[in-house]
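The values are calculated or read from the model by the stated rules, or taken from the named source; none is laboratory data. All values derive from a computational prediction rather than experimental measurement. Don't worry about glycine lacking a Cβ; one is built from the backbone with ideal geometry, like all the others, and counts go over all protein chains shown. Note: accessible area is taken over every heavy atom of the protein model, side chains too, but ligands, DNA and RNA are not part of it. Shrake-Rupley method; radii C 1.70, N 1.55, O 1.52, S 1.80 Å.
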Amino acid sequence: IFEKQTFCKVVVVDDDNDGLSSMADNLGEAEFTIGQAISKKTLELELVHRRWGPKGTVQVSASHTTTTKELVTLQFEGAHLDKKDTFGKSDPFFEIYRVTGGHDALVKRSEVVYNNLNPRWRQMEMTSSQLCGCDDSAIIKIKVFDYDEASAPDLIGECTTTLKEMKKQKKEIVQWDLIHPKKQGRKKNYKNSGVLKILQCVSVKTFSFLDYVSSGLQLNCMVAFDFTASNGHPNTPASLHHLNAQGYQGDGNCCVRAVYQRDAGDYEGI
């Protein structure tokens, strides 16, 4: 939204109860930029008919929404994981999945901790949007695997949780049994294939640039010109900085003016 000036058009038509067909009557149009809409709670625009001129007004309201309001830092450790390697222990790593519509979407994969049944993995960061769609109660699945260089990884066990549950880590011990579905179905006295414990769950609120300017951040615009010989003398029409009495501006001046009008002109009043 801040990289370029984005134009929008509102077209008001008379539907005549037959859908928005090419025969619908055009009652008027209005154009505006995203910046203009955001800078005012309500933007009132004049509707103009291409043939008949002004035809009333239309009001546009814009609101800013974001799905990345929190940055989440997680750290896990495993305990008493199943031994998967014939001549060693296990080389465990884990994957975090966001469960949406019955499907598992991979969010993050940890590093491998070699030859260890009680691994402690490094911290990892992700947004709450990536992790759970900004829904603290959304189901999150964690799968722990044994890494094999020559073949596909072997599942050690899996568990499900939520961000809301993981946040309890600050006040209490939060851990889950890692369950291997096939082993659970085969063994009568099966308990788990190890335990996964959360060591850290820190959620920090983040803000976008628009959050800052909407909250009253004041910005000052400063422009500097580099009058090097390669740009040409300002009195020469071919110069990037040429400006004459008739109002002609070189490419450099036009560029600066366009950027200012986009960033300062559109968002004036925020």
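For the reader, a short list of remarks on this structure follows.
- Considering region 72-87, the residues that are surrounded by fewer than 16 Cβ atoms within 10 Å (Cβ to Cβ) and of a type in the set (A, V, I, L, M, F, W, C) include one that is modelled with the highest pLDDT, namely A79.
- Applying the set (1) in a loop (DSSP other than H, G, I, E, B); (2) within 30 Å of S129 (Cβ to Cβ); (3) open to solvent by less than 90 Å² (accessible area, probe 1.4 Å) to Q218 leaves exactly one unmet item: (3).
- So K170, is it touching a strand residue (DSSP E or B) at 6+ places or on another chain (Cβ under 9 Å), open to solvent by 100 Å² or more (accessible area, probe 1.4 Å) and in contact (Cβ under 8 Å) with a residue 40 or more places away in the chain: no
- Where a residue in region 115-141 is under 30 Å from K83 (Cβ atoms) and open to solvent by less than 50 Å² (accessible area, probe 1.4 Å) and its partner, wherever it lies, is assigned to a loop (DSSP other than H, G, I, E, B) and among the charged types (D, E, K, R), with Cβ under 6 Å and at least six apart: L117/K89
- Within region 76-95, residues that are in a strand (DSSP E or B) have Cβ atoms under 7 Å from residues that are among the hydrophobic types (A, V, I, L, M, F, W, C) and open to solvent by 60 Å² or more (accessible area, probe 1.4 Å) in these pairs: E95/L106, counting only partners at least 6 apart in sequence or on another chain.
- Filtering region 185-211 to residues that are open to solvent by 60 Å² or more (accessible area, probe 1.4 Å) and more than 22 Å from D91 (Cα to Cα) leaves G185, R186, K187, K188, N189, V204, K205, F207, F209.
So that you can scan it fast, the table gives a plain yes or no per residue for (1) closer than 20 Å to A138 by Cβ; (2) in a helix (DSSP H, G or I); (3) of a type in the set (D, E):
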{"residue": "G157", "(1), (2), (3)": "no, no, no"}
{"residue": "K164", "(1), (2), (3)": "yes, yes, no"}
{"residue": "Q169", "(1), (2), (3)": "yes, yes, no"}
{"residue": "E172", "(1), (2), (3)": "no, no, yes"}
{"residue": "G185", "(1), (2), (3)": "no, yes, no"}
{"residue": "K188", "(1), (2), (3)": "no, no, no"}
{"residue": "L196", "(1), (2), (3)": "yes, no, no"}
{"residue": "C201", "(1), (2), (3)": "yes, no, no"}
{"residue": "V204", "(1), (2), (3)": "yes, no, no"}
